[in-house]
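The values are calculated or read from the model by the stated rules, or taken from the named source; none is laboratory data. Bear in mind the structure is a predicted one, so any value in this text is a computation, not a measurement. Please note: Cβ atoms are built from the backbone with ideal geometry, for glycine as well, and neighbour counts cover all protein chains shown.
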Amino acid sequence: MGILSGKKALIVGVASNRSIAWSIAEFMHQQGAELAFTYLDDKLKKRVDKIAAQTGSEIVLPLDVASDQQIEDVFKELGKEWDGLDTIVHSVGFAPRELLQGNYLENLTRGGYQTAMDVSSYSFAALGKAGRDMMQGRDASLLTLSYLGAVRAMNNYNVMGVAKAALEANVRYMAHALGSDGIRVNGISAGPIKTLAASGIGNFKSMLDHVEKAAPLKRSVTQMDVAKAAAFLCSDWASGITGEITYVDAGYNIMAMTEIGD
Ligand code: NAD
Ligand code: 0WE
C-alpha cells in the first residue's frame with residue numbers, strides 16, 4: 001500500500017524521460033496513484049504515450065496551457081474517464097529563449113514578459129480554477145515547481161524569476177481560495193537539474209558544480225529527490241500543509257558566503 005493508493009492525479013509537464021514530471025509520475029504510480037497525462041504538442045505525444053503505458057495509464061490528452069479552450073477540454077475529457085480528481089501536478093515553465101540571457105532589462109520585451117507570466121504562472125491558477133469542480137470533497141491537492149530565482153536575483157534567469165515569483169504568490173492565493181474546499185496548494189523549489197528546460201542554458205554544468213560545492217549536502221539534486229517530496233506533499237501525510245514552498249535543493253538556499261565558506 002503506497003501513500004497515494006486510490007488517488008487520481010493529472011500530470012502536466014512531461015516532455016522527456018528526464019522531465020521532473022516524468023519522475024514524479026513514476027514515483028506517484030509506485031505509491032499507488034492512478035494517472036492521466038497531458039502533452040504540449042504532437043511532437044511530444046509519442047513520448048508521453050510511452051510513460052503513460054509504463055504507468056498503466058490510458059488517459060493522454062493534449063494541453064497547451066496558453067489555450068483556454070484546451071484547458072476546458074482537458075477537464076471535460078477527464079470527467080468522462082474519472083468521477084473525480086485528487087491531484088494536479090503542474091510542471092510547466094516557458095519564456096522566449098532570448099530573454100533568458102544577458103541583462104534582464106536590455107533583453108526584456110512586453111510580449112516575452114507576457115508569455116513567461118502566462119505559461120509559467122497564470123496557467124497554474126487556470127488549472128486550479130478549471131479543475132476545482134472535479135476536486136470537490138476529496139482532500140485534493142495541487143502542486144507546482146519553482147526555482148530559487150523567484151526570491152533571489154540571479155544571472156540569466158531574468159524574466160523567469162519574475163514569473164516564478166508570481167507563481168509562488170499564486171501558491172499562497174490559491175491555497176487561500178481553495179482552502180474551504182479542503183484543497184491544498186503547494187510548491188517545490190527544486191535545485192538545478194539537467195532536463196530539456198536546462199538544455200542550452202549557458203554554464204549549466206558550472207551551476208551544478210557550484211551547487212555540489214556550496215550546498216550543505218555537497219551534491220546536486222535528482223528528479224527522484226523532487227519526486228519523493230512531490231508524492232509526500234500530494235499525500236495525506238501532508239494533510240496540514242498548504243500554501244507552502246518546500247525547497248528540494250540539497251540545502252543550497254540556506255547558505256551565504258559560499259565562495260569563501262566552502
Ligand atoms: P522539461 O522541459 O522536461 O519540462 C517543462 C515542461 O513544460 C515540458 O513538458 C513542456 O512541454 C512544458 N510546457 C512548456 N510550455 C508549455 C505550454 N504552453 N503548455 C503546456 N506545457 C508546456 O523541464 P523540467 O526541468 O522538468 O521543468 C519542469 C518544471 O520544473 C518547470 O516549471 C521548471 O521551471 C521547474 N524547475 C526546473 C528546474 C531545473 O533545473 N530543471 C529547477 C527548478 C524548477
Ligand atoms: O525554470 C527553469 C527553466 C525554464 C525555461 C527553460 C527554457 C529553455 C528553452 C523556460 N523557458 C525556456 N525557453 C526556452 O526556449 N529552470 C529552473 C532551469 C534553469 O533555467 C535557467 C537557469 C536554470 C536553473 C536559465 C538561466 C539561468 C539558470
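Residue-level analysis places Asp209 among those that are without any contact (Cβ under 8 Å) to a residue 12 or more places away in the chain and not hydroxyl-bearing (Ser, Thr, Tyr). Of the residues Ala163, Ala197, Ala126, the single one that is surrounded by 15 or more Cβ atoms within 10 Å (Cβ to Cβ), modelled with pLDDT of 95 or more, within 9 Å of ligand 2 (Cβ to nearest atom) and closer than 20 Å to Ala15 by Cβ is Ala163. Just one residue in the set Glu81, Glu77, Glu72 is away from ligand 1 (no atom under 16 Å from the Cβ) and at pLDDT 95 or above; that residue is Glu81. If you go through the range 131-160 and keep only what is within 12 Å of ligand 2 (Cβ to nearest atom) and in a helix (DSSP H, G or I), you end up with Leu148, Gly149, Ala150, Asn158, Val159, Met160. Can you say whether Val151 is under 26 Å from Ser220 (Cβ atoms), in contact with a Gly (Cβ under 8 Å, 6 or more places away or on another chain) and more than 10 Å from ligand 1 (Cβ to nearest atom), as far as the supplied structure shows? No: the conditions fail for Val151. In the range 166-194, the residue that is farthest from ligand 1 (Cβ to nearest atom) out of those that are of a type in the set (Gly, Ala, Ser) and crowded, with 20+ Cβ neighbours inside 10 Å is Ala175. Ile245 meets the conditions (1) surrounded by 19 or more Cβ atoms within 10 Å (Cβ to Cβ); (2) within 21 Å of Gly182 (Cβ to Cβ); (3) β-branched (Val, Ile, Thr) in every case but one. The failed one is (1). Scanning the range 166-222 for residues that are assigned to a helix (DSSP H, G or I), small (Gly, Ala, Ser) and touching a helix residue (DSSP H, G or I) at 6+ places or on another chain (Cβ under 9 Å) turns up Ala166, Ala169, Ala177, Ala197, Ala198, Ala214. Contact map, the range 113-128: first residue within 9 Å of ligand 1 (Cβ to nearest atom), second residue part of a helix (DSSP H, G or I) and basic (Lys, Arg), Cβ cut-off under 8 Å, separation 6 or more or different chains; pairs are Ser120/Lys164.
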